[in-house]
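Enquirer: Once you've had a glance at the structure underneath, I'll fire off some questions.
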Amino acid sequence: MELPDFVYHRPATLADACDLGKTYGSKGRYLAGGTEVLVDLRQRRFCTEHVISLTSLPDLNSIQATGGGLRIGAMVTLTEVAESSAVRQAFPTLCDAILHIGSEQIRNQATIGGNICGAVPCADTPPICIAGAAELRLAGPSGERNVPLRDFFVGPRESVLLPGELLVQIVIPTQPGHSGTSYQRFSLRHGSALAVASVAARLVVDGARIADAGVVLGAVAPIPLPAASCVALLQGNEPSEELLALAGAAAAQEAQPISDIRGSEAFRRHLVQVLTVRAVHEAFERARRTPS
């Protein structure tokens, strides 16, 4: 199917891009890597009269490792994130999660900002970034603001972005000592397959005890879902088979899955239970090996 007609804009500055986005509102669409937007246009998932390319904007293509953590530009490709030594050292599970996304050709083109701003429930980068307490730096016609990633999503393909506002950076703070992360997902086949269910976990340990925990569910709710009751069970306790089973059951109960062609509601709840146990166990073992 051919692309519909539209006016193509290529602003040279961030301010120009924001102004164009505000001017055209619902009739305009930002374009990053294009791996989702162009497919959606061809399939007539939405219609737009103006496409605003972000490819010429400065300062959106860098990865910075600072004392405060990682700053990843929204236009950095998924391949560049996955191959970054800075990301691998500071937050390696993000690299692992990205390698589940599409094919190598897709990852070479797709951007991390697009993977987040698409607000697709089964996206792979949001759960692990939320578990790592990531924040988003947004820019718009009225200036900049920071939004915790866990508060960014409103519903499927919906976010808190205002007209003319766009994502500039993903900021992942330096992780505490003795912390570990894990990302577990299930798909129907290897290769370019969407997640049927996924679970991200981050634990901070104090000896044999879980001092702090974050567990986020993906593809089983309208938005990436922090599993609060699961976390409440884990925090302050020593891991055991019984505790992990209870945590997995709590996460499965919190999930809000639907039944579709990729899996039934019951199947997805079972997956959440299994994946939560795996993610928490792996995060705990990694945290024990991580220096303070």
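The values are calculated or read from the model by the stated rules, or taken from the named source; none is laboratory data. Note that the coordinates shown come from a computational prediction; the quantities given were computed from them, not determined experimentally. Neighbour counts run over all protein chains shown; Cβ positions are idealised from the backbone, glycine included. Surface accessibility is based on the protein's heavy atoms, side chains included, excluding ligands, DNA and RNA. Shrake-Rupley method; radii C 1.70, N 1.55, O 1.52, S 1.80 Å.
Enquirer: With respect to Arg150, determine if the residue is open to solvent by 40 Å² or more (accessible area, probe 1.4 Å), closer than 22 Å to Leu20 by Cα and not aliphatic (A, V, I, L, M).
Expert: no
Enquirer: Condition test on Ser142, is it over 18 Å from Gly218 (Cβ atoms), open to solvent by 80 Å² or more (accessible area, probe 1.4 Å) and of a type in the set (Gly, Ala, Ser)?
Expert: Against the criterion (over 18 Å from Gly218 (Cβ atoms), open to solvent by 80 Å² or more (accessible area, probe 1.4 Å) and of a type in the set (Gly, Ala, Ser)), Ser142 qualifies.
Yes or no, residue by residue, for (1) in contact with a helix residue (DSSP H, G or I) (Cβ under 6 Å, 6 or more places away or on another chain); (2) of a type in the set (Lys, Arg); (3) in a strand (DSSP E or B):
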site: Ser26; (1), (2), (3): no, no, no
site: Arg44; (1), (2), (3): no, yes, no
site: Val51; (1), (2), (3): no, no, yes
site: Thr55; (1), (2), (3): no, no, no
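Enquirer: Among the residues of segment 239-253, are any in contact with a Leu (Cβ under 6 Å, 6 or more places away or on another chain), over 27 Å from Ala74 (Cα atoms), open to solvent by 40 Å² or more (accessible area, probe 1.4 Å) and assigned to a helix (DSSP H, G or I)?
Expert: yes
Enquirer: Can you tell me how many residues within segment 13-50 are hydrophobic (A, V, I, L, M, F, W, C) and over 24 Å from the mean Cα position of the chain (by Cα)?
Expert: Result for segment 13-50: 3.
Enquirer: May I ask you to say which residue of Val220, Val215, Val205, Val199 is surrounded by 24 or more Cβ atoms within 10 Å (Cβ to Cβ), of a type outside the set (Asp, Glu) and part of a loop (DSSP other than H, G, I, E, B)?
Expert: Matching residue, one of Val220, Val215, Val205, Val199: Val220.
Enquirer: When the residues of segment 153-170 are narrowed to those that are open to solvent by 30 Å² or more (accessible area, probe 1.4 Å) and either aliphatic (A, V, I, L, M) or touching a His at 6+ places or on another chain (Cβ under 9 Å) (or both), which ends up farthest from Val216 (Cα to Cα)?
Expert: That would be Leu162.
Enquirer: Which residues, counting only those in segment 40-55, are in contact with a strand residue (DSSP E or B) (Cβ under 9 Å, 6 or more places away or on another chain) and either open to solvent by 100 Å² or more (accessible area, probe 1.4 Å) or more than 20 Å from Thr111 (Cβ to Cβ) (or both)?
Expert: Glu49 - this is the single residue of segment 40-55 that is in contact with a strand residue (DSSP E or B) (Cβ under 9 Å, 6 or more places away or on another chain) and either open to solvent by 100 Å² or more (accessible area, probe 1.4 Å) or more than 20 Å from Thr111 (Cβ to Cβ) (or both).
Enquirer: A follow-up question, please. Please find, within segment 126-136, the residue that is surrounded by the fewest Cβ atoms within 10 Å (Cβ to Cβ) out of those that are touching a residue at least 40 places away in the same chain (Cβ under 8 Å) and not in a loop (DSSP other than H, G, I, E, B).
Expert: Once the filter is applied, the top-ranked residue is Ile130.
Enquirer: Residues to consider are Pro176, Pro163; find the one that is under 18 Å from Tyr30 (Cα atoms) and in a loop (DSSP other than H, G, I, E, B).
Expert: That would be Pro163, the only listed residue that is under 18 Å from Tyr30 (Cα atoms) and in a loop (DSSP other than H, G, I, E, B).
Yes/no matrix, rows are residues, columns are (1) of a type in the set (S, T, N, Q); (2) assigned to a helix (DSSP H, G or I):
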{"position": "Asn108", "(1), (2)": "yes, yes"}
{"position": "Val120", "(1), (2)": "no, no"}
{"position": "Leu138", "(1), (2)": "no, no"}
{"position": "Arg150", "(1), (2)": "no, yes"}
{"position": "Gly180", "(1), (2)": "no, no"}
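Enquirer: So is Leu233 farther than 17 Å from Ile128 by Cα and open to solvent by 50 Å² or more (accessible area, probe 1.4 Å) or not?
Expert: yes
Enquirer: To continue, here is another question. Looking at Ser187, Ser179, which one is open to solvent by 10 Å² or more (accessible area, probe 1.4 Å), touching a helix residue (DSSP H, G or I) at 6+ places or on another chain (Cβ under 7 Å) and in contact (Cβ under 8 Å) with a residue 40 or more places away in the chain?
Expert: Only one candidate passes the filter, namely Ser179.
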